[in-house]
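Below: one structure, written as structure tokens.
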Ligand SMILES: [Ca+2]
Ligand SMILES: [Ca+2]
Ligand SMILES: [Ca+2]
Ligand SMILES: [Ca+2]
């Protein structure tokens, strides 16, 4: 109740601001008109006649016999360029309206000059010549309760959340990157980013151009999928983003829509995917023009876009009417708008539980479930390589089952069954309270139904706020740079990168950011230098997870055997593999106690030498680390162990992770071997020449954004290798 009344107050404030703004602009335009009339009557007769004609036309179009509905497709404001004169098609859904007009800078904010015509199905449309991109506008909707000025429900750009809609021309942006492919789900390493606090900027919120400046850093870190927190226009400039006021518009404080395109373009040039974060379980609640959009409502509810019954509210704002075709299309088109127009590689869908249920435990909303299925079917039909991730947090594998099986059809979902028990173990004050069976169960958890069907992490925006803190901070509040915090938080990161699942880190986790996430607290980039070693550990872990060194293919595979649990010594070990064999079978050993251990026996799937590929206790990662004497080890079949045919003795430092595999690391592939066939030859030259001058990501060997003579030089000097 409190929340609702706050919403109303804020909306009243908003409409007061709007109407005062409107009055002043209307005054301005009427002053302009009368001065024009004065000029006409005191000037030439022809001009006066023209003015009278214009006035007559305006008057006639109020009654609208001359206006016609648009024959062009699309909802919202869509610029057209032929036949001349160019203009913009306006179309809006207002089924209870008796009249709709569009007012904007192109008609001096006239509430009468440009009526839309009813199409007989609840939609209204008109083509307005000379209404160009960057013009501001609003719809003037006359409904059951009088006339209201509303932003376009599908405004693709706004001056701000209580400002005006702005005509956006999507054709303006010239994409430069080509040849980019979204990573396979089993190769993805996600990096959750909040645009407003990520980029280094003197003031908050940082614009997305500042985030773009850090893309080389992220490429070097090795992540290949940025999961953006919500960027749809929200009230003000500082927010987590889970209060979208205008779902089709890029947050004006972050930049304009083309800035988002440039970010995606530059990320793709570096081999990095970009995901959106879509909030459909509610809209608003503040600055919400679609609230009672055409004036109609029941039970004082939200009107055409919202439920007006027991389903009307979520804990965060009013719930859209998932049963109404036009609202379903509004949501579906919104999802595709971001995927298609901005070339995003997928989405996280926020709070799906509140799309499928009225409250935490029910009752169910069947049409919410079918909406989720439809969204996933649409993406699968058009671009199945794009990833759809649910934030449902219920360990419900129906979320990730296919729609054909009756599931919601998501490719993956955030896994509460990993983060909560793992953090419990990492944050416990005493080693004796660390339960190794909890670690085992979190790692082998298949509640989502498959290794890429869950996203695993120890930090996300939700888990490091809302009264919780970053893992190093939770381990030792006020002393996040302590040895304990460094050791156990990185042990958690090692588990994230070696467990079956799509790993994710939260911005700044990789340089030991402390405290908790707040939209009013910029990421502290000075810690990148302070904790450069920790940062390089994250880089090494990500390289292992993605098999970039060619020695750990198993970490991308589906298979796991969690074969060793010692809850007394607090040691666990597990086996990961894809096809098995050298450079594929991976053995992960973890010590969750403060005591380093020597000559500790671990079961191995095969005899022979197992090489250390990673040791989190290396003092290159931090000078306070013990650099425990961990060595390559020889496994023999003389002592079968842990249910495996062989075993070996290993040394492992305190709170440390060691990763083993067999075989000799292959030489790094030449970046000039464009087709990756092992040789730099004429076929690579052909690829390069045919991409000459473009931003093709394959042929751009030095990643400077263009294929040119520099790349040719690199290729020729590697010829034959
Ligand atoms: Ca805003
Ligand atoms: Ca899919
Ligand atoms: Ca080649
Ligand atoms: Ca280049």
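The values are calculated or read from the model by the stated rules, or taken from the named source; none is laboratory data. Worth saying up front: this structure is predicted, and the values here are computed from it rather than measured. Don't worry about glycine lacking a Cβ; one is built from the backbone with ideal geometry, like all the others, and counts go over all protein chains shown.
Criterion first (at pLDDT 95 or above, buried (at least 21 other Cβ atoms within 10 Å of the Cβ) and more than 22 Å from the chain's Cα centre (by Cα)) does residue 372 satisfy it? No; evaluated as a whole, the condition is false for this residue. Candidates in the stretch 344-364 are the residues that are surrounded by 20 or more Cβ atoms within 10 Å (Cβ to Cβ) and part of a loop (DSSP other than H, G, I, E, B); of these, the one that is nearest to ligand 1 (Cβ to nearest atom) is 344.
Looking across the stretch 608-624, just one residue is touching a strand residue (DSSP E or B) at 6+ places or on another chain (Cβ under 9 Å), surrounded by fewer than 19 Cβ atoms within 10 Å (Cβ to Cβ) and farther than 20 Å from residue 555 by Cα, and that is 608.
Take residues that are within 16 Å of ligand 1 (Cβ to nearest atom) and surrounded by fewer than 22 Cβ atoms within 10 Å (Cβ to Cβ) and tell me which of the helices (runs of 4 or more DSSP H) falling wholly in the stretch 177-279 contain 1 or more. Outline the logic, then answer.
Working: elements: 195-198, 208-212, 215-221, 257-269.
Fully inside the stretch 177-279 and qualifying: 257-269.
State all residues of the stretch 691-717 that are under 30 Å from residue 584 (Cα atoms) and either more than 14 Å from ligand 4 (Cβ to nearest atom) or touching a strand residue (DSSP E or B) at 6+ places or on another chain (Cβ under 7 Å) (or both); if no residue qualifies, say none. Across the stretch 691-717, the qualifying residue is only 697.
Please indicate, with yes or no, whether at least one residue in the stretch 155-174 is within 16 Å of ligand 2 (Cβ to nearest atom), in contact with a strand residue (DSSP E or B) (Cβ under 8 Å, 6 or more places away or on another chain) and either free of Cβ contacts under 8 Å to residues at least 60 places away in the same chain or part of a loop (DSSP other than H, G, I, E, B) (or both).
In the first step, residues of the stretch 155-174 are kept if they are within 16 Å of ligand 2 (Cβ to nearest atom); the result is none.
Among the residues of the stretch 155-174, not one is within 16 Å of ligand 2 (Cβ to nearest atom), in contact with a strand residue (DSSP E or B) (Cβ under 8 Å, 6 or more places away or on another chain) and either free of Cβ contacts under 8 Å to residues at least 60 places away in the same chain or part of a loop (DSSP other than H, G, I, E, B) (or both), which makes the answer no.
Among (1) touching a residue at least 24 places away in the same chain (Cβ under 8 Å); (2) over 20 Å from residue 477 (Cα atoms); (3) not in a loop (DSSP other than H, G, I, E, B), there is one condition residue 569 misses while meeting the rest; what is its number? Tallying (1) touching a residue at least 24 places away in the same chain (Cβ under 8 Å); (2) over 20 Å from residue 477 (Cα atoms); (3) not in a loop (DSSP other than H, G, I, E, B), residue 569 fails exactly one: (3). Among the residues that make up the stretch 676-690, is at least one of them within 13 Å of ligand 4 (Cβ to nearest atom) and in a loop (DSSP other than H, G, I, E, B)? Scanning the stretch 676-690, I find no residue that is within 13 Å of ligand 4 (Cβ to nearest atom) and in a loop (DSSP other than H, G, I, E, B), so the answer is no. Scanning the stretch 680-717 for residues that are surrounded by fewer than 16 Cβ atoms within 10 Å (Cβ to Cβ) and within 11 Å of ligand 3 (Cβ to nearest atom) gives 682, 683, 686. When residue 240 is tested against (1) over 18 Å from residue 336 (Cα atoms); (2) touching a strand residue (DSSP E or B) at 6+ places or on another chain (Cβ under 6 Å), exactly one condition is not met: (2). Taking the numbered list (1) without any contact (Cβ under 8 Å) to a residue 12 or more places away in the chain; (2) assigned to a helix (DSSP H, G or I) in turn, residue 539 passes all entries but (1).
For the stretch 339-370, the set of residues classified as touching a helix residue (DSSP H, G or I) at 6+ places or on another chain (Cβ under 9 Å) and either touching a residue at least 60 places away in the same chain (Cβ under 8 Å) or closer than 18 Å to residue 185 by Cβ (or both) consists of 339, 341, 342, 343, 344, 345, 346, 347, 349, 352, 354, 355, listed by residue number.
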